[in-house]
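The values are calculated or read from the model by the stated rules, or taken from the named source; none is laboratory data. Fair warning: this is a prediction, and the values are worked out from it, not measured in the lab. Every residue, glycine as well, gets a Cβ built from its backbone with ideal geometry; the counts of neighbours run over all protein chains shown. Accessible surface areas use protein heavy atoms only, side chains included; no ligands, DNA or RNA. Shrake-Rupley method; radii C 1.70, N 1.55, O 1.52, S 1.80 Å.
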Amino acid sequence: LCLQSTMHSASLACLVLLALIQYSCGFSFFRDRIPNGRMVAHPCKTNTLWNGVGHLVEQGGGARNAFGLAFYANGMMWNRTLCMKDSDGDGQTNGQELGDPDCTWTPSTTPKRTTGISHPGFKTPASQYRYSSTDPTTLDCSAAPPDCPANRESHVKTLNLTMAKGTMVPSKTTTYYCTSFQVPHDVPYHAIGFDAILDNLNVIHHMLLYGCASSTPEPTGE
């Protein structure tokens with residue numbers, strides 16, 4: 001959370017964090033419904049996985065990529081029909097890309113191949129295909145990551161707001177946790193940037209931040 005001082009905004013006395021403890025980033029359990037679903041390589045970055053296999057963004061969530069659309073249309077299950085498709089049009093079937101070339105894999109078993117797993121939703125290797133903004137199956141590997149120069153200005157403060165270390169994750173599917181944080185209020189501030197600090201992608205789905213008055217009772221727990 002980045003805070004910038006200003007003379008035109010109200011001071012925040014506290015923030016309330018509401019976290020939904022659930023499957024991460026577009027329901028990560030779907031990765032277990034496809035062969036090597038947790039081992040899909042990032043088409044542009046070496047030694048990096050693409051966790052949101054069926055989505056256009058690597059963290060998951062939001063719009064689906066070509067494979068995600070095919071997976072959804074197929075009832076969100078792996079079978080020979082989905083395996084034999086070439087969702088991204090790069091000349092390899094989904095099964096070949098995901099290590100199940102014979103289309104025999106079933107959940108909870110080891111695929112025929114567990115190395116050299118490529119992405120079934122984007123043409124790979126990406127370096128061999130020209131990026132097109134109108135073709136969702138291509139990636140621009142030369143694109144620079146998002147940058148916000150304002151975050152580096154000297155008067156900008158950075159706060160790390162995290163749940164208490166050792167917070168237990170219950171076994172039920174959905175749990176909301178609520179806690180509060182004190183933020184600087186020596187001068188008026190407003191938030192200009194956010195970034196997630198996640199040490200377990202399998203349980204955090206989203207977070208909500210609220211500004212509240214100093215008289216607001218402090219919330220804790222579920």
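Data table
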{"quantity": "Extension reserve of the Ser127-Asn47 stretch, reckoned as 0.36 nm per residue once the Cα distance is removed", "calculated": "27.2 nm"}
{"quantity": "Per-pair calculated FRET efficiency, R0 = 30 Å: Val57 and Lys157 via Cβ, rounded to 0.05", "calculated": "0.60"}
{"quantity": "Residues of type lysines that Lys112 reaches as a straight line, Cα spacing below 24 Å, ignoring anything fewer than 8 places off in the same chain", "calculated": "Lys85, Lys123"}
{"quantity": "Sparse-neighbourhood loop sites, trypsin sites (Lys or Arg not before Pro) in segment 119-199 - DSSP loop, at most 10 other Cβ within 10 angstrom", "calculated": "Arg130, Lys165, Lys172"}
{"quantity": "Chymotrypsin sites (Phe, Trp or Tyr not before Pro) lying in DSSP loop within segment 81-180, provided at most 15 other Cβ fall within 10 Å", "calculated": "Tyr131"}
{"quantity": "Accessible heavy-atom area order of Glu58, Glu153, Glu97, highest first, probe of 1.4 Å", "calculated": "Glu153, Glu58, Glu97"}
{"quantity": "Exposure of His206 as accessible area (Å², to 10), given a probe of 1.4 Å and all protein chains", "calculated": "60"}
{"quantity": "Efficiency of FRET from Cβ geometry, Ser142 and Phe29, R₀ 41 Å, rounded to 0.05", "calculated": "0.80"}
{"quantity": "Proximal charge balance of Asp86 [Cβ under 12 Å; K/R count +1, D/E count -1]", "calculated": "-1"}
{"quantity": "Gyration tensor over alpha-carbon atoms, segment 42-123, equivalent ellipsoid semi-axes in Å", "calculated": "18, 15, 12"}
{"quantity": "Potential lengthening between Val187 and Ala73 on full extension [0.36 nm per residue; Cα-Cα distance subtracted]", "calculated": "35.7 nm"}
{"quantity": "Accessible-area order (highest first, 1.4 angstrom probe) of the listed residues Met39, Met163", "calculated": "Met39, Met163"}
